[in-house]
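Got a structure for you, questions after.
The values are calculated or read from the model by the stated rules, or taken from the named source; none is laboratory data. None of the values given here were measured: they were computed from a predicted structure. So basically every Cβ, Gly included, is an ideal-geometry build from the backbone, and we count neighbours across all protein chains shown. Remember, those area values only see protein heavy atoms, side chains included, never the ligands or the DNA or RNA. Shrake-Rupley method; radii C 1.70, N 1.55, O 1.52, S 1.80 Å.
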Number of protein chains: 2
Amino acid sequence: LAALHRDRELRALLGDEGLLEARDPEWHHDATESQGIAGTPWAVARPADAEQVAALVGICWRREIPIVPRGGGSGLVGGAVAVGGGLLVELARLDRFRELDPGGWRAEVEAGVRTATVHRRARESGLLFPPDPGAAEQSQIGGNVATNAGGPHSLKYGTTRAWLTGLDVVIGPGELLSTGGRARKDVASYDLTGLFCGSEGTLGIVTAARLRLIPAPAATRVLAGFYYGAAAGCEAIAAALASGVVPAALEYLDGAALAAALGAFPGGAPAQRGFLVLAEADGSEGEAEQAGAALAEALTAGGEMREFATPAEQRELWRWRGGVNGAVRARRGGKLSVDVAVPLEHFGAALEAGEQVAAESGLELASWGHAGDGNLHSSFLFDPADVAAVGAAERGADALLERIAAMGGSIAAEHGIGWAKRGRLGLQLDPVALELHRTIKRTLDPKGLFNPGKKV
Amino acid sequence: LAALHRDRELRALLGDEGLLEARDPEWHHDATESQGIAGTPWAVARPADAEQVAALVGICWRREIPIVPRGGGSGLVGGAVAVGGGLLVELARLDRFRELDPGGWRAEVEAGVRTATVHRRARESGLLFPPDPGAAEQSQIGGNVATNAGGPHSLKYGTTRAWLTGLDVVIGPGELLSTGGRARKDVASYDLTGLFCGSEGTLGIVTAARLRLIPAPAATRVLAGFYYGAAAGCEAIAAALASGVVPAALEYLDGAALAAALGAFPGGAPAQRGFLVLAEADGSEGEAEQAGAALAEALTAGGEMREFATPAEQRELWRWRGGVNGAVRARRGGKLSVDVAVPLEHFGAALEAGEQVAAESGLELASWGHAGDGNLHSSFLFDPADVAAVGAAERGADALLERIAAMGGSIAAEHGIGWAKRGRLGLQLDPVALELHRTIKRTLDPKGLFNPGKKV
């Protein structure tokens, strides 16, 4: 099976450009490389269309070849890494932008279309596709669907699921399933779209998505509040949430995350730099103005507030924000990020829990994320060559997940369970839910071929 | 089994007030009474809490007694009617408002809490629970969840599913399942919350819901545009959707629906009365003002526009709108409403399809609904005593569903499949999706006891 790239049946289906040896190290990991998650696929399939995906799944089902679907490879939990081998199925060639209907506020794209392409095409028609995961230039819609990806603007707009009206999915034993349709409202069937969205490739392979769009907001205000420490920052966050408006985004960086990324901060470093809160208001000119004023008042108390007034400045600020993950990783070379969400009243406690666990582990922690959704990316930093530190980070992550679950939080807010959090679902789900979860997996994938070891 | 209300085992569990003979005719139908959907349950169970529901399901599972869950009885597809008998399980006594956390933007309620109570309690804390199905004073959250209920404001805010972070559900063979939690973001498990939301009691019984809330908009503008006919009305709708704003609601009434309800129209009948478009803008004062101006411009062209300026006038207008369903039904005594949604570009064609089918059936049609979501409630009117007309309406509804499905539309936009549309899923779902749908039902309800005959 290590020579699966020379397999005759697969080659007959996929052709020379559709079946490759997995030599390129890019295929051996995703964005969790620095925490040591890796695996060498037996081969890489690059199907050209959904029919090839269906035929491919049919072959794998019959011959019991494990399948690891892969989008842009920007995942943060090892979901697209062939840890135990198997056939890596890269969806990049399914990149047709099937339809953009400005009047109907919708689009339909194949799984391999990049998230940034959808953003750009929608914008060109005055529309918005709100989901904005961090690596939009790299990530693909299929991966966004598979992980139900979020991002800063999920606070106002929800995660990827909220923007789907239907999917094309290949399921076992090799059939092309169409869920939902193009209508904006549909309760006819069980929520098959929702069943596959967020299932991380463990129930089937998403090959296309029907997307809801909305008119793009006419105006945006972007504000940054700097504070001496987390206490003042958390007060600003609470004030923003109590201001009576729904921010488009409400982000935070703790002192360590800010230190890692501050050098590149647009406009240079401010005086107070122990905690950063970013807030955005959007809507009509009037909405952005008034909601922005409410947020500005909330952010000004106890800190130093700056506004990013022009669209160019705002883009630069968000580009900087998008680089935080990489800047934090670069600080020690490696990191283990724990993506969690807590009920809003526990946000401060969740920050502190990370600090405490890090102190107990003897590791540095940097934390940032989507404060308005109670969504923290608390990251343990280490030198990847330091085996003891990597182990300490893994134990620290486990301890933190336990404390988050005890707060009634989610152990996977927007990145998924993947490989990194395998076996941890029981922290959050009760035994009845866990058993139902297993039942669903068994029912759709009785042979355990779809992304084995992930999610469950 | 006709004497199930005297059953010893059930009475030992539920007590005298929890197990009743189904004498009250209210228990024999829901809001589909005028189209003849009815059934006499073998008994009515009124459990006091989720533990009783779980024990009750355990008994029914063992003894193979069919279970028909029932909320407020305001359903429009016969979903809560015991058409083939069985035990009616009324959730009204599960009416505890467990928690309202204004700072955390969330609430948790039992299934029997009325929708209007959630609206009111949220408003008292400056918050909004957006789902607004028509009979909010009667309907209960459990029923809203079971049908994934929508309403006028789904256009901006989405249907019930978008406002759930988790559910308590009793599943077979009698276990209490908890899905999701209280965090606003959670992708840890498969979307179990979404699986039960919209499943119409065919997979389990929802006993509680954890709700997301948001700050209530500070201001609202409500506009009504009157047109001579559907062509001008559809142009106004298209103009509103192309105006660059997201209306909070965008509703329509055709000439017949308007004629049925016009007598009570707040402020009296206007000059042009062949088609009505209602539009609402909400947000900060600035947003309502500017989005409202864009909508006013869209509605003014080709018609006569009125504004409902004060909160009292706006409430009165929406109260009038809430009465349209009853006014249309009163016109002939009976109606069969076809709740469908089409991609927006087919909205005019869907209106015309209803007219054509009604003409072919020799029946009067009235149509109204949520234009911005492409969601039509096209209703065939008849005298319930006229058996031929009832039959013609049923055949007409079937013909219309076929034409809607052929447009890529949904045969059930927000009311569900229930009993009224049983067996019609194949119009919309392809064979692969239909088989997966059946597989899910079989997996969770192998004995076919949960709301038999509905949804599938």
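Are there any strands (runs of 3 or more DSSP E) wholly within the stretch A:141-249 with 1 or more residues that are more than 10 Å from chain B (Cβ to nearest Cβ), within 16 Å of A:VAL118 (Cα to Cα) and open to solvent by 10 Å² or more (accessible area, probe 1.4 Å), and if so which?
A:164-171
Condition test on B:GLY78, is it touching a residue at least 12 places away in the same chain (Cβ under 8 Å) and under 29 Å from B:VAL328 (Cα atoms)?
Taking the combined requirement at face value, the residue satisfies it.
Inside the stretch B:422-441, can you point out the residues that are out of contact with any Gly (no Cβ under 8 Å at 6 or more places or on another chain) and either open to solvent by 60 Å² or more (accessible area, probe 1.4 Å) or assigned to a loop (DSSP other than H, G, I, E, B) (or both)?
Residues satisfying the conditions are B:GLY423, B:ARG424, B:LEU427, B:LEU429, B:ASP430, B:PRO431, B:GLU435, B:ARG438.
Also, I was wondering about something else. Can you find a residue in the stretch B:387-403 that is more than 26 Å from A:GLY104 (Cα to Cα) and within 9 Å of chain A (Cβ to nearest Cβ)?
no
Might you check whether a residue that is in contact with a Pro (Cβ under 8 Å, 6 or more places away or on another chain), over 26 Å from B:ARG422 (Cα atoms) and small (Gly, Ala, Ser) occurs anywhere in the stretch B:14-25?
Looking through the stretch B:14-25, at least one residue is in contact with a Pro (Cβ under 8 Å, 6 or more places away or on another chain), over 26 Å from B:ARG422 (Cα atoms) and small (Gly, Ala, Ser).
Within the stretch A:299-320, how many residues turn out to be under 17 Å from A:ASP132 (Cα atoms), open to solvent by less than 40 Å² (accessible area, probe 1.4 Å) and touching a Pro at 6+ places or on another chain (Cβ under 8 Å)?
Final tally of qualifying residues: 2.
How many residues, within the stretch B:92-129, are outside any strand (DSSP E or B) and open to solvent by 10 Å² or more (accessible area, probe 1.4 Å)?
15
Could you count how many residues in the stretch A:422-439 are at the interface with chain B (Cβ under 8 Å from one of its Cβ atoms) and under 20 Å from the mean Cα position of the chain (by Cα)?
Number of matching residues: 2.
Give the stretch A:271-280 a look and list any residue that's of a type in the set (A, V, I, L, M, F, W, C) and either more than 11 Å from A:LEU299 (Cβ to Cβ) or over 23 Å from the mean Cα position of the chain (by Cα) (or both), or say none.
A:ALA271, A:PHE275
Still on this model: Out of the residues in the stretch A:417-437 that are free of Cβ contacts under 8 Å to residues at least 60 places away in the same chain and out of contact with any helix residue (DSSP H, G or I) (no Cβ under 9 Å at 6 or more places or on another chain), which is farthest from A:THR32 (Cα to Cα)?
Across the stretch A:417-437, the extreme among qualifying residues is A:VAL432.
Sticking with this one: Could you identify the single residue in B:ASP24, B:ASP7 that is farther than 17 Å from B:GLY79 by Cα and crowded, with 18+ Cβ neighbours inside 10 Å?
B:ASP7
Here's something else I'd like to know. Test of understanding: among B:GLU33, B:GLU26, which residue is closer than 15 Å to B:ARG70 by Cβ and without any contact (Cβ under 8 Å) to a residue 24 or more places away in the chain?
Criteria check complete, one pass: B:GLU33.
Also, quick follow-up: Is it the case that the stretch B:278-298 has a residue that's surrounded by 18 or more Cβ atoms within 10 Å (Cβ to Cβ), assigned to a loop (DSSP other than H, G, I, E, B), out of contact with any Leu (no Cβ under 7 Å at 6 or more places or on another chain) and modelled with pLDDT of 95 or more?
No, the stretch B:278-298 contains no residue that is surrounded by 18 or more Cβ atoms within 10 Å (Cβ to Cβ), assigned to a loop (DSSP other than H, G, I, E, B), out of contact with any Leu (no Cβ under 7 Å at 6 or more places or on another chain) and modelled with pLDDT of 95 or more.
If a residue must be over 18 Å from the mean Cα position of the chain (by Cα) and assigned to a strand (DSSP E or B), how many such residues does the stretch A:58-89 contain?
Of the residues in the stretch A:58-89, 4 are over 18 Å from the mean Cα position of the chain (by Cα) and assigned to a strand (DSSP E or B).
Okay, next question. Search the stretch A:184-198 for residues being of a type outside the set (A, V, I, L, M) and in contact (Cβ under 8 Å) with a residue 40 or more places away in the chain, and hand back the single one that is farthest from B:LEU444 (Cα to Cα).
A:ARG184
Hey, another quick one. Among the residues of the stretch B:133-149, write down those that are modelled with pLDDT of 95 or more and either farther than 22 Å from B:ILE205 by Cβ or β-branched (Val, Ile, Thr) (or both).
Once the filter is applied, which keeps residues that are modelled with pLDDT of 95 or more and either farther than 22 Å from B:ILE205 by Cβ or β-branched (Val, Ile, Thr) (or both), the stretch B:133-149 yields B:ILE141, B:VAL145, B:THR147.
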